[in-house]
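Below is one structure; the comments refer to it alone.
The values are calculated or read from the model by the stated rules, or taken from the named source; none is laboratory data. Owing to the predicted nature of the structure, the values given are computational and were not obtained by experimental measurement. All Cβ positions, even for glycine, are placed from backbone atoms using ideal geometry, and neighbour counts span all protein chains on display. These area figures cover heavy atoms from the full protein model, side chains too; ligands, DNA and RNA do not enter into them. Shrake-Rupley method; radii C 1.70, N 1.55, O 1.52, S 1.80 Å.
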Amino acid sequence: MSADASHSPIVPGSEANHSRMVLWLITLVAVGLSLFQLYSAGIQPLGLFYQRSIHLSLVMMLAFLMFPLFGPKRSRGVIGGIIDMAFFFGAVFTGGYLAWNLDAIFNRAGFWTQTDIMAGIVATVTVLEASRRAVGLGMTVIGIIAILYAFAGPRGELPWLGEWLPGILQHRGYNLDRVVGQLYLGQEGIFGLPMGVAATYIFIFVLFGAFLEITGAGKFFIDLAYAATGRQRGGPAKAAVIASAGMGSISGSAIANVVTTGAFTIPLMKKLGYKPHQAGGIEAAASTGGQIMPPLMGAGAFLIAEYTRVPYLEIVKVSILPAIMYFGTVYLFVHIIALKEGMQGMAKEELPQMSDVLKSGWHFLLPLAVLVWLLVMNMSPMRVGFYAIVCMLLVAILRFAVWFFFVAPKEGQPVNGERLGIACRSGLLKLVEGLELGARNAVAVSMACAVAGIIVGIVGLTGLGLKFSAMMMAFSGGHLLLALVMVLLASLVLGMGLPVTAAYIVLIVLVGPGLSNEFGVPLIIAHLVVFWYSQDSNVTPPIALAGFAGAAIAGAKPMATSFQAWKFAKGLYLVPLFMVYNPEIIIGGPVYILVWKAITGILALAAFAAVLEGYLFDRIPIWQRVLLLPAIIGVFTPSLVYDVAGAAVMLLIIVANWWQARTKVSTA
């Protein structure tokens, strides 16, 4: 089995019916954006506002070209074309005005002119509309609600609206000049920290992922996973778990991950004996885990590093064990189902050879190795991404040169100028394709960060974060577990309308202070918990976006697939709890404590999977499943006595189940 090399990457905005001129403009703006980002990342870093304003301007220009006013299924028409053109020039004006007048704006220091205010209004409206097209209506609605909330109050533009707010949410209210100044002319609004991360770290790594994607990294990771696990019980499902972890390192979207790897893994899982809804659920759970997989973690690692002021490399290091625990749980679910159903692995001749896979794709590992090495050397992540891209391009050129000048002649393909010219043109087109795909892939996350900046700015202006902390304390009664359940439910609701990155940003500014200040959760753990819980809309019914994508490929019912994804992704809910009650695995401690916590945590997750499936090595009696539950809870508590007792009970039941299965085999 081998992934089809011709499988083309998912290109955002490609479903729209664009004219040839618009397609050329999209390519021109996208390539220009990528080249600008490479220049500022590796050649000449720019000032904070210059970088962010130019980035946002180009991203919005691209958004209005890619996503027509009336949606991808309808043509722009005359009216749509005029409106799109107006917004396009609004995008140019948004970044251009700030970059051109930056010194004058700084000198005015809060005494804004009417032109400044008008520019801010144009920018805010343009950002909200670009977000509606690129991200979805939910994000825009939440941004509008945040702005209306700022106006609601006795001194605001909408004093009557403040009267409808509950007492704890009321505030003084702010006028138009103050709100626009906060959102457009300061560092806490549209051009705040979320946009700063999107315009630097996130874009350069999205571009890195795009180059890996167009050069066939998806095929390499999938083939590598099949070569490693294909002959084991439930091989294709285990390959899906490993391939999704690998693809998660280069993909910024769980849904894109499902579609990319699931196109190959889900049909083979069904062929082996997994039910369609199981196959779709396994792929959805594994692909969701790709977003918590170091070193990239979608955009999460960069945002957490910026918010907590903890070095990026440290975020990556502390995220390794939780990611292993999550993928270990999904892998074990897959293995248990294979044992339960008596499945076997794939035949050797159906699988690629590990040596062949590595021989044909070793160059994909080299840029990743360079990336990790440079991070360990404490280089800026933005500069690391730049050098990783350069390394990948140099390796690709070197590989081609070796093949063209040494291998091809031996295969009867003579070296001549005409063939070299054709090859160079093909390589140049591939380069342009990578630059364009990287820019297209970054549009949604950058627009989500822009609107998230609006929300963060309003939260800072009105003190809403502190109000939420007070509400959390009141509703939870001071109980940490209840507070975490509230965070989980809030993340699920936000996930209905926001992408993961935006849901994390909004949630952390609202509940982060409460978790850290009121409940004493260490700052980095509070951020990791919120980031993990922000993923739950991918696998939690009735939303389960990744589950729906898996169902579409598997030909299964969406809700049945979503419930399977929810079951397989239980680590998404349990691992954050383990981090909170056992903070040593994140903030560090004596080595023997870390080893003990890691072993008992993995044991508890394995036991939980066995309880849900009622099977491990053999069927588990009901009384043993009931006994395992308090043992699992014991391991999750910070008490050493409960920890040891729970681990002992789990170990005894697991050994007893193994002996039961072994006895059956010997007597058969």
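Straight distance only, please: which aspartates and glutamates reach the Cα of Lys567 with their own Cα at less than 17 Å, same-chain residues fewer than 8 apart left out?
Glu283, Asp536, Glu613
In the stretch 147-242, which trypsin sites (Lys or Arg not before Pro) are in a loop and have at most 13 other Cβ atoms within 10 Å, using DSSP for the loop call? Provide the component values of the computation, followed by the final result.
On the way: sites: Arg155, Arg172, Arg178, Lys219, Arg231, Arg233, Lys238; in loops: Arg155, Arg172, Arg231, Arg233.
Those that pass, being in a loop and sparsely packed, are Arg155, Arg172.
From the phi angles alone, apply the Karplus equation (6.51, -1.76, 1.60; θ = phi - 60°) to the stretch 228-234 and give each ³J(HN,Hα) in whole Hz, x where the residue is Gly or Pro.
In residue order, the calculated couplings are 7, 10, x, 8, 7, 4, x Hz.
State the percentage of accessible surface on the chain attributable to carbon and sulfur atoms; use a 1.4 Å probe and exclude ligands, DNA and RNA.
Values: 19330 of 27770 Å².
Accessible surface attributable to carbon and sulfur in the chain totals 70 percent.
Long-range amide H contacts for Tyr615: which residues qualify at under 5 Å (H placed 1.01 Å from N, peptide plane, sequence gap of 5 or more or a different chain)?
Ile620
Rounded to whole Hz and in sequence order, give me ³J(HN,Hα) for the stretch 185-202 from the Karplus expression 6.51 cos²θ - 1.76 cosθ + 1.60, θ = phi - 60°, writing x for Gly and Pro.
Couplings: 9, x, 9, 10, x, 4, 9, x, 4, x, 5, x, 5, 5, 7, 10, 4, 4 Hz.
In what order, largest first, do Trp100, Trp24, Trp659 sit by accessible area if the probe radius is 1.4 Å?
Values: Trp100 220, Trp24 175, Trp659 145 Å².
From most accessible down to least: Trp100, Trp24, Trp659.
Shape call for the stretch 201-443 from the C-alpha gyration tensor, a ≥ b ≥ c root eigenvalues: rounded (a/c under 1.5), prolate (a/b greater than b/c) or oblate?
Details: a/c = 2.12, a/b = 1.18, b/c = 1.80.
Since a/c reaches 1.5 but b/c is at least a/b, the shape of the stretch 201-443 is classed as oblate.
Counting Lys and Arg as +1 and Asp and Glu as -1, what is the net charge of the other residues whose Cβ lies under 13 Å from the Cβ of Val575?
Values: positive: Lys570, Lys597; negative: Asp536.
My count for the surroundings of Val575 gives +1.
Compare the Cα positions of Met139, Gly262, Tyr174 along the charge dipole of the stretch 122-264 (+1 at Cβ of Lys, Arg; -1 at Cβ of Asp, Glu; about the Cα centre) and return the one farthest towards the positive end.
Of Met139, Gly262, Tyr174, it is Gly262.
Is the stretch 155-243 best put as rounded, prolate or oblate by its Cα gyration tensor, with a ≥ b ≥ c the root eigenvalues, rounded for a/c under 1.5, and otherwise prolate when a/b is larger than b/c, oblate when not? Don't skip to the end; give the middle numbers.
On the way: a/c = 6.67, a/b = 2.50, b/c = 2.67.
Verdict is oblate for the stretch 155-243.
Hey, can you rank 545-554, 276-285, 38-47 by average C-beta count inside 10 Å, highest first?
Details: 545-554: 26.9, 276-285: 31.0, 38-47: 15.4.
Going from most to least packed, we get 276-285, 545-554, 38-47.
In what sequence, highest mean first, do 431-438, 480-487 appear when ranked by Cβ atoms within 10 angstrom? Provide the component values of the computation, followed by the final result.
On the way: 431-438: 21.5, 480-487: 17.5.
By packing density, highest mean first, the sequence is 431-438, 480-487.
Which of the aspartates and glutamates could a cross-linker bridge to Lys73, judged by Cα under 20 Å and excluding same-chain residues fewer than eight apart?
Glu15, Asp84, Glu129
Just to check I understand the Karplus step: with θ = phi - 60° and J = 6.51 cos²θ - 1.76 cosθ + 1.60, what whole-Hz values come out for the stretch 418-427, glycine and proline as x?
So the J values, rounded to whole Hz, are 5, 5, 5, x, 4, 5, 5, 4, 4, x.
Compare the peptides 186-197, 112-123, 561-572 by average per-residue count of other Cβ atoms within 10 angstrom and give them in order, highest first. Don't skip to the end; give the middle numbers.
Values: 186-197: 23.6, 112-123: 17.3, 561-572: 26.3.
Going from most to least packed, we get 561-572, 186-197, 112-123.
If a/c stays under 1.5 just call it rounded; otherwise compare a/b with b/c (prolate if a/b is bigger, oblate if not). Do that for the chain, with a ≥ b ≥ c from the square roots of the Cα gyration tensor eigenvalues.
oblate
With a 1.4 Å probe and all protein chains left in place, how much accessible area per residue does the stretch 34-106 have, in Å²? All intermediate terms of the calculation are to be shown ahead of the outcome.
On the way: 3360 Å² over 73 residues.
I get 46 Å² per residue for the stretch 34-106.
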